[in-house]
1. Run the numbers on the chain and let me know its relative contact order in percent, using alpha-carbon pairs under 8 Å that are six or more apart.
2. What list of ³J(HN,Hα) couplings, whole Hz, do you get for segment 102-109 from phi and the Karplus terms 6.51, -1.76, 1.60, once you set θ to phi - 60° and write x for glycine and proline?
3. If each residue of separation counts as 0.36 nm, what is the full-extension length gain between residue 156 and residue 132 once their alpha-carbon separation is subtracted?
4. On a full-extension model of 0.36 nm per residue, what is the gain between residue 148 and residue 28, subtracting their alpha-carbon distance, rounded to one decimal in nm?
5. If the cut-off is 15 Å between C-alpha atoms, which aspartates and glutamates fall inside it for residue 154, apart from same-chain ones fewer than 8 positions away?
6. Could you please state, rounded to a whole Å, how far the C-alpha centre of segment 117-144 is from the C-alpha centre of segment 23-42?
7. Among the DSSP beta bridges whose two residues both lie in the chain, what percent are antiparallel, rounded to the nearest 5?
8. What are the residues whose amide H is under 5 Å from the amide H of residue 5, where those residues sit 5 or more places off or on another chain and H is modelled from the backbone?
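Each reported figure results from applying straightforward, stated rules to the coordinates on display, with no laboratory input. The shown structure was predicted, so the numbers you read here are calculated from the model rather than taken from an experiment. Heads up, the Cβs are rebuilt from the backbone with ideal geometry, glycines too, and the neighbour counts pull from every protein chain shown.
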Amino acid sequence: MNYLKIESSSLSNGLGWRVVLWVSGCSHNCPFCQNPETWDSKAGKKFTAKEKQLLIELLKPDYINGLTLSGGDPLFETNRDDILKLVKELKAVYPNKDIWLYTGYTFEEIKDLELLNYVDVLIDGKFINEDRDITLAFRGSSNQKIIDVNKSLKNDKTVELNL
């Protein structure tokens, strides 16, 4: 898996202070995407054990609420195995830190993926310019949902967070 950037502190990519990993690779090709440079899975640098250790260190302070995975699409097919390994390890190290994940897939399309067992909040759906709404928290268009993954998996239906 390749990545473009690791952001050490962000307030705009989920609730609270967050570390953000921007991965490469996306096949959704949403018109007017804010990050088209992330579509190419070969863009950026290889994500290695060194970057994983950096994430572990950046997540250490108590004031950091958790990790946000964005891109590109962390669930781009060639990213899925690496993302699964990463979220498993981070949850083992920091069970009380939350993980947010942005994807162009809908929850219904991906709800059976094992890695969702390690994700707390999912922002799903492609960006649709006709549904663009700058007043929405943490998403760009009104079709996108902010999903409580644990409750959704438990209830076998999408449970949205009202943020």
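1. Computed value for the chain: 19 percent relative contact order.
2. 9, 8, x, 6, 8, 3, 4, 6
3. 5.8 nm
4. 40.9 nm
5. Leaving aside aspartates and glutamates fewer than 8 places away in the same chain, those within reach of residue 154 are 108, 112, 114, 120.
6. First find each Cα centre; the distance between them is then 15 Å.
7. Rounded to the nearest five, the antiparallel share is 50 percent.
8. Close amide H contacts, sequence-distant or interchain: 22.
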